[in-house]
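A.B. asks: Structure below; questions to follow.
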Amino acid sequence: MNKNNRLMISPTASTSDLSGLDDYFIRITTPIDTKAPSLATFACDRLGLKTIAVVYDLSNPSYTLSLSRYFKQELEKLGGRLPIMIPFDPRKNFSAPEIAQKIVSAGTDGVFLITNAIHAGVIAQHLRKAGSEAKIIVSQWGFPDPAFIQNGGRAVEGAVSLAEFNAESTDKRFVKLKHDYERRFSMPIGSASQRGYEAAQILFSALRQTDDPGKLKEAVLDGTIFKSVDGNPIVLDKFGDSVRTLFVLEIRDGKIRTIGKVVPSRLEK
């Protein structure tokens, strides 16, 4: 695609391996090297956590390794500690009781689960069975998936995450999209669906400026501040990496609720 000067827009790719590259790849989800520091700051400043265990799945290394690394770096800058980091590879072995016991033995006041929804839910179950009251933070990979609550049950009550998606937005554009989407597909709109729609709108905006495929990248990265479907700004830097508002999600009474937001400093200026 780079060789032929053809633009690619991804709704969901977030790995830091793709950050800061002058190429024809643009993404509208927050890159890991931006989101991880926000997560660490949220954990320290808003949740008041000082020690956090990190559990990460080695079957998805481009996501989990970079997220755990950037989270660790920022948390330590803020004075927090990660006394234990627990990798596992479900293709070889997965023991939720063993992982839970390691977390309990470390005595942390928080745990960050960088796993899919099923593994996160099962780990949370065994963590509570083992008597841990550690605050559970879950990456966006696992949190919005219904399987997290289905597999975690009461154990995931109070678990939190940061995401680009606010299902409770009252913005007129979002409400209309939500209604139209659910009527057409007979299922609730989700984070990936919203970002897919936003990616298409950004492409359509560029196509209104030029029909030359080789100039679409320039048209997208012309300094325009795009709007997410819920009315919040999406800023793309010169490399096509996005900066956007993140929402604080928490499980309350078995449902995901939006309880706040994190606005990057660049958007506050």
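Please treat every number below as a calculation from the coordinates, not as lab data. Values in this document were obtained by computation on a predicted structure and should not be read as measured data. Quick reminder, even Gly has a Cβ in these numbers, built from the backbone with ideal geometry, and neighbours come from all protein chains shown.
A.B. asks: For Ser95, which of the numbered conditions (1) in contact (Cβ under 8 Å) with a residue 60 or more places away in the chain; (2) farther than 18 Å from Val160 by Cα fails to hold?
C.D. replies: Every listed condition holds for Ser95 apart from (1).
A.B. asks: Another question about this same structure. Just for the stretch 118-140: of the residues that are out of contact with any strand residue (DSSP E or B) (no Cβ under 7 Å at 6 or more places or on another chain) and not aliphatic (A, V, I, L, M), which one is nearest to Ile28 (Cα to Cα)?
C.D. replies: This residue is Gly121.
A.B. asks: Please state which one of Asp45, Asp109 is more than 18 Å from the chain's Cα centre (by Cα), farther than 25 Å from Ser193 by Cα and touching a residue at least 60 places away in the same chain (Cβ under 8 Å).
C.D. replies: Working: Asp45 fails: touching a residue at least 60 places away in the same chain (Cβ under 8 Å).
Among Asp45, Asp109, only Asp109 is more than 18 Å from the chain's Cα centre (by Cα), farther than 25 Å from Ser193 by Cα and touching a residue at least 60 places away in the same chain (Cβ under 8 Å).
A.B. asks: Give the stretch 82-103 a look and list any residue that's closer than 11 Å to Ile52 by Cα, out of contact with any Phe, Trp or Tyr (no Cβ under 9 Å at 6 or more places or on another chain) and surrounded by 14 or more Cβ atoms within 10 Å (Cβ to Cβ), or say none.
C.D. replies: Once the filter is applied, which keeps residues that are closer than 11 Å to Ile52 by Cα, out of contact with any Phe, Trp or Tyr (no Cβ under 9 Å at 6 or more places or on another chain) and surrounded by 14 or more Cβ atoms within 10 Å (Cβ to Cβ), the stretch 82-103 yields Ile84, Ile103.
A.B. asks: Suppose we keep only residues that are part of a strand (DSSP E or B) and touching a residue at least 60 places away in the same chain (Cβ under 8 Å) within the stretch 227-237. Which one would you say is surrounded by the fewest Cβ atoms within 10 Å (Cβ to Cβ)?
C.D. replies: The first filter runs over the stretch 227-237 and keeps only residues part of a strand (DSSP E or B), leaving 227, 233-236.
Of the ones still in play, those that are also touching a residue at least 60 places away in the same chain (Cβ under 8 Å) are 234, 236.
Working: Ile234: 23, Leu236: 21.
Looking at the filtered set, the residue picked out is Leu236.
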